[in-house]
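Where a number appears in this text, it was derived from the coordinates with a stated rule and is not lab data. Remember, predicted model here, so these are calculated numbers, not experimental data. FYI the Cβ positions are ideal-geometry reconstructions off the backbone, even for glycines, and counts take in every protein chain you see.
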């Protein structure tokens with residue numbers, strides 16, 4: 001027999017479930033999670049069935065009362081015209097994506113991995129969510145991954161294609177479909193060489209990294225790394241930063257479209273801490289056009305593309321631990337965990353939203369919230385650094 005506690009524990013699992021209470025009464029749970037009270041009974045020796053109502057709108061007690069009434073009438077020979085059973089709601093892509101993410105979460109992946117998969121399937125693949133998974137074809141998926149690729153995020157497009165394919169693989173295993181429509185899209189996008197983006201996302205370890213950076217002997221490289229932490233731009237944007245793009249009075253760093261990955265101008269709000277770093281660097285670069293000039297003047301007028309990663313290696317943070325590009329993942333992960341809005345974080349990372357409502361790119365999207373977030377993030381970095389210093393001092397004593 002069912003109980004209130006057992007009913008609360010029932011969860012959809014992607015397949016139809018029947019939970020029996022006895023006397024012909026049972027609760028049917030659709031693959032999508034719809035719960036319906038059903039009754040099987042006999043009238044004059046002939047089997048009949050009825051749909052009584054939906055749970056939790058109809059409680060267990062009410063369903064049992066209805067069972068008693070119908071069966072009493074049936075015993076007296078009264079034939080009811082039972083409501084026809086509602087058709088089972090088809091399993092949607094959204095249902096199966098939720099099951100995939102739940103399964104992934106049970107494997108206890110890194111927070112960044114779970115966050116990335118959730119973003120791919122819940123945000124980028126959102127147009128597929130309400131479609132029955134058995135009805136989706138390659139032609140429905142192609143515009144979605146092409147839209148992401150055309151925004152400049154080819155790596156994300158390739159990963160999105162893979163995650164959508166994984167959801168369909170799960171649907172095959174569960175008997176929902178026979179074929180994976182993503183298999184015909186493997187040649188649509190070229191394979192992307194993934195840039196090494198090792199990143200520290202633990203707040204305590206990130207604080208130790210910031211404390212270590214503060215002691216780096218080369219002031220220009222130290223300032224470059226500090227700006228990576230405070231502003232989390234792409235490393236090439238820091239390397240190619242020009243003083244003509246820095247407005248310290250208005251506290252805005254403009255990334256010109258020629259440098260930005262998306263080929264769209266991007267604005268970065270500067271916290272008081274970031275402004276102070278730029279002011280300190282201004283005394284070093286002097287009249288040079290570049291914020292971080294190459295003092296060796298060998299090939300490029302600005303610091304080399306390996307300068308910041310080399311410094312991190314010297315500080316004990318090699319390629320597999322943290323990279324200059326990794327500050328973006330650090331900020332994204334920690335800010336998400338701290339409850340900042342996903343859309344604001346994505347805008348601060350210059351990730352273009354391909355939603356039709358926002359397709360006209362706004363370089364200052366969510367500007368007020370981004371300014372507030374930049375200030376809060378810089379304060380967090382300072383706090384992490386203070387804790388990191390104390391941690392490093394204790395480790396030295398031990």
For Rg and Dmax of the Cα atoms in Å, which listed value, (1) 28.8, 101; (2) 22.0, 88; (3) 21.5, 65, comes from the coordinates shown?
(1)
Over the range 8-64, calculate the relative contact order: mean separation of alpha carbon pairs under 8 Å at least 6 apart, over the residue count, as a percent.
24
Nearest 10, in degrees from 0 to 90: the angle of helix 367-397 to the longest Cα principal axis of the chain is 70
Going highest first, how would you order 204-213, 95-104, 327-336 by mean Cβ packing within 10 Å?
327-336, 204-213, 95-104
Angle between the chain longest axis and helix 154-173 axis [Cα atoms, degrees, rounded to 10]
20
The chain: relative contact order as a whole-number percent, Cα under 8 Å and 6+ apart:
14
In units of 2.2 N^0.38 Å, what is the alpha-carbon radius of gyration of the range 4-75?
1.12
Show me 226-233, 337-344 ranked by packing, highest mean number of other Cβ atoms within 10 Å first.
226-233, 337-344
Can you give the angle from 0 to 90° between the axis of helix 93-106 and the longest principal axis of the chain, with both taken from C-alpha atoms, to the nearest 10?
70
